[in-house]
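One structure is given here, and the rest of the page talks about it.
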Amino acid sequence: MKASAIANPNIALVKYWGKRNKELMLPNNGSISMTVSDMTTHTTVDFDEKYENDVLIINGEEMRPGQEDYDDYMGAFMKVVREMTGNQTKVKVVSKNTFPTAAGLASSASGFAAVALAVSKALGLPTDPKSISMLARRGSGSASRSASGGFVEWHRGELEDGSDCFAEQIAPPEHWSEFRMVTVITTTKEKKVKSRAGMKQTVANCPYYSSWLETVNDDLDKIRQGILDKDFTAVAKTAEMNCLKMHATMITTDPPIIYWNPVTMRVIHSVMDWRDEGMETYFTIDGGPQVKIMCLEKDVEEIQRHLQEIEGIEQVLICKPGEGARLTEENLF
């Protein structure tokens, strides 16, 4: 009962922010994302009677009970798996990322998509994208979208049991291979407020949260159609405004949640300046300080040159539409 899987993070074009059911990880709104290339989580799981306790190792560090990652993976998520299967065998999970963890780059999305697929293979559960999406969702909401590649929509659903809440592909990676996310890493430090805590705080204490929800469906319609039409302006412009609206709810939460740092702001202003000068670029930012610059392939080199002039940037990754979660024969132990 051993299996390995690889998954990529996704960057939301229409953001998910807030849950209507914490246990089932049901969102208050639907969302659309692009699964990105060049960043991966590789995970191996092994269910075996030889393990006296569940073991979790992330990026070479063994997690312990009481630590958030251990409690999320080996507590909440494995509880769901064991309730589904009736299998109480202890498990060892080893996972490694090729990009900064817990820094606003959707490592939980790729992490839970990878572990959901590996667990499903190891225990004989269905491994189709819809099934993986629904299982990954129970670990991290955004992980539901990393089950599929390319451009993906996570349906909010209406049923209380969550059976209609899953993500599915709008278009495969090759549909819009020229689309790029230039990922600008402004810091590799872990963010002070994790997304899960930030969502809860915003829903409870932001006076403008309901206004955010009222505009989301229109954003979904514009971006879904824009992806199908490969209309860059419609998609990127709407995504940037959706991002700003989401962060506005965080900033106006009591106490406020401000993920941006000075480098984040320098990149934001630069992107807007480039646009004014005739190079069509837009930005989006998830729950963290990292900026993702949306552009077309033809503008990537010029953007890279401009970014070299901005002080404080730690790393730049050029991401195109990437693959969904997939199995691999390469085990980590």
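Annotations for the structure displayed:
- If you go through the range 6-24 and keep only what is over 15 Å from Ser107 (Cβ atoms) and in a strand (DSSP E or B), you end up with Leu13, Val14, Lys19, Arg20, Asn21.
- Residues that are of a type in the set (Val, Ile, Thr), touching a strand residue (DSSP E or B) at 6+ places or on another chain (Cβ under 9 Å) and closer than 18 Å to Gly124 by Cβ, drawn from the range 50-101: Val81, Thr89, Val91, Val93
- Some residue of the range 1-10 being touching an Asp or Glu at 6+ places or on another chain (Cβ under 9 Å), surrounded by fewer than 20 Cβ atoms within 10 Å (Cβ to Cβ) and modelled with pLDDT under 95: yes
- Within the option set Lys50, Lys96, being out of contact with any helix residue (DSSP H, G or I) (no Cβ under 8 Å at 6 or more places or on another chain) and in contact (Cβ under 8 Å) with a residue 24 or more places away in the chain holds for one residue only, Lys96.
- Selected residue [assigned by TED's automatic domain parsing to the domain that holds Ala118, within 25 Å of Ala118 (Cα to Cα), among the acidic types (Asp, Glu) and surrounded by fewer than 18 Cβ atoms within 10 Å (Cβ to Cβ)] from Glu153, Glu168, Glu160: Glu168
- Residues (out of contact with any strand residue (DSSP E or B) (no Cβ under 9 Å at 6 or more places or on another chain) and either part of a helix (DSSP H, G or I) or among the small types (Gly, Ala, Ser) (or both)) located in the range 206-221: Tyr209, Ser210, Ser211, Trp212, Leu213, Glu214, Thr215, Asn217, Asp218, Asp221
- Residue satisfying condition, being more than 20 Å from Lys200 (Cβ to Cβ), at pLDDT below 95 and of a type in the set (A, V, I, L, M, F, W, C), within set Met34, Met78, Met74: Met74
- Output for the range 300-323, where each listed residue is farther than 23 Å from Thr98 by Cβ, of a type in the set (D, E, K, R) and either touching a Lys or Arg at 6+ places or on another chain (Cβ under 8 Å) or touching a residue at least 40 places away in the same chain (Cβ under 8 Å) (or both): Glu311
- Taking the criterion of being basic (Lys, Arg), closer than 24 Å to Glu160 by Cα and either outside the structural domain of Trp154 (by TED's automatic domain parsing) or surrounded by fewer than 20 Cβ atoms within 10 Å (Cβ to Cβ) (or both), the residues of the range 11-51 that qualify are Lys19, Arg20, Lys22.
- The listed residues are Ser163, Ser146, Ser108, and the only one of them that is modelled with pLDDT of 95 or more and closer than 15 Å to Tyr16 by Cα turns out to be Ser146.
The values are calculated or read from the model by the stated rules, or taken from the named source; none is laboratory data. Quantities reported herein were computed from a predicted structural model and do not represent experimental measurements. Cβ: placed from backbone, ideal geometry, glycine included. Neighbour counts: every protein chain shown.
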